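Quick notes on the structure that follows.
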Amino acid sequence: MSELDAFSDLLDCPMYVVTAAAGDERAGCLVGFASQCSIRPPRFAVWLSTANRTYRVARHATHLGVHLLHREQAALARLFGGETGDETDKFRQVTWEPRHGGVPVLADACVWFVGRVHSRVDGGDHVGFLLDPVETSPPVRGRPPLVILSDVADLSPGHPA
């Protein structure tokens, strides 16, 4: 256990599905490390595991899609978190459409945005992608219950973190 585990174990953060496209490749995964990180200009950072196929595609992508899922969409979170794109074409199992930079956007996501990759930062076993939002889904009413870490804590990841 690391010194940070006692702190991190108290968190129950939203989970995100991050999607990428580069050339003819599409990829997507479930991500727990993400946050808005600037107000002016508006920016958001997502961290992708270097062991993950999504990272390998995102390295060459100009844009990434970031999706929040309604708690009723836990099966979608499990697909993107429990399967690896090395073995499964996740996009054959969902409805999606290409957006800026060819990024696949999940039609059933609660809300989403597409961000232009502004920069990347090596964080160890994860790489941070700093995004400038360029397109967003229509707003939703109220505060829907979202998929959070405790909803998928029992999930066996498609790749080790």
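The values are calculated or read from the model by the stated rules, or taken from the named source; none is laboratory data. All figures in this text were calculated on a predicted structure; none of them were measured in a lab. For neighbour counting, all protein chains shown are included, and Cβ atoms are generated from backbone atoms with ideal geometry for every residue, glycine included. Ligands, DNA and RNA are excluded from the accessible area calculation, which covers all protein heavy atoms including side chains. Shrake-Rupley method; radii C 1.70, N 1.55, O 1.52, S 1.80 Å.
For region 9-37, name all the residues that are more than 14 Å from residue 148 (Cα to Cα) and outside any strand (DSSP E or B).
23, 24
Quick one: residue 79 ticks every box in (1) free of Cβ contacts under 8 Å to residues at least 40 places away in the same chain; (2) within 20 Å of residue 35 (Cα to Cα); (3) buried (at least 16 other Cβ atoms within 10 Å of the Cβ); (4) of a type outside the set (Asp, Glu) except a single one, so which number is it?
If we test residue 79 against (1) free of Cβ contacts under 8 Å to residues at least 40 places away in the same chain; (2) within 20 Å of residue 35 (Cα to Cα); (3) buried (at least 16 other Cβ atoms within 10 Å of the Cβ); (4) of a type outside the set (Asp, Glu), just (2) comes out false.
Assess whether residue 45 counts as being over 26 Å from residue 142 (Cα atoms), open to solvent by less than 50 Å² (accessible area, probe 1.4 Å) and either among the β-branched types (Val, Ile, Thr) or assigned to a strand (DSSP E or B) (or both).
Answer is no for this residue.
Against the conditions (1) under 16 Å from residue 83 (Cα atoms); (2) open to solvent by less than 30 Å² (accessible area, probe 1.4 Å), where does residue 30 fall short? Just the number, please.
All conditions pass for residue 30, except number (2).
Scan region 118-132 for residues that are small (Gly, Ala, Ser), surrounded by 12 or more Cβ atoms within 10 Å (Cβ to Cβ) and not in a loop (DSSP other than H, G, I, E, B) and jot them down.
128
Per-residue answers, yes or no, for (1) modelled with pLDDT of 95 or more; (2) surrounded by fewer than 19 Cβ atoms within 10 Å (Cβ to Cβ); (3) touching a strand residue (DSSP E or B) at 6+ places or on another chain (Cβ under 6 Å):
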site: 95; (1), (2), (3): yes, yes, no
site: 103; (1), (2), (3): yes, no, yes
site: 111; (1), (2), (3): yes, yes, yes
site: 116; (1), (2), (3): yes, yes, yes
site: 134; (1), (2), (3): yes, yes, yes
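Please find, within region 113-161, the residue that is nearest to the chain's Cα centre (by Cα) out of those that are closer than 15 Å to residue 32 by Cα and free of Cβ contacts under 8 Å to residues at least 60 places away in the same chain.
Only one residue tops the list, namely 153.
Any residue in region 151-158 that is open to solvent by less than 60 Å² (accessible area, probe 1.4 Å), of a type in the set (D, E, K, R) and either within 26 Å of residue 10 (Cβ to Cβ) or out of contact with any helix residue (DSSP H, G or I) (no Cβ under 7 Å at 6 or more places or on another chain) (or both)?
yes
Please work out which residue is nearest to residue 136 (Cα to Cα), limiting yourself to region 58-76 and to residues that are assigned to a loop (DSSP other than H, G, I, E, B) and open to solvent by less than 30 Å² (accessible area, probe 1.4 Å).
Checked region 58-76; the qualifying residue nearest to residue 136 (Cα to Cα) is 69.
Residue 147 passes all but one of (1) at pLDDT below 95; (2) open to solvent by less than 40 Å² (accessible area, probe 1.4 Å); (3) within 24 Å of residue 22 (Cβ to Cβ); which number fails?
Among (1) at pLDDT below 95; (2) open to solvent by less than 40 Å² (accessible area, probe 1.4 Å); (3) within 24 Å of residue 22 (Cβ to Cβ), the lone unmet condition for residue 147 is (3).
Among the residues of region 77-92, is there at least one that is in a strand (DSSP E or B) and among the β-branched types (Val, Ile, Thr)?
Checked region 77-92: no residue is in a strand (DSSP E or B) and among the β-branched types (Val, Ile, Thr).
Identify the single condition in (1) farther than 15 Å from residue 111 by Cβ; (2) touching a His at 6+ places or on another chain (Cβ under 9 Å); (3) in contact (Cβ under 8 Å) with a residue 40 or more places away in the chain; (4) open to solvent by 20 Å² or more (accessible area, probe 1.4 Å) that residue 23 does not satisfy, given that it satisfies every other one.
(3)
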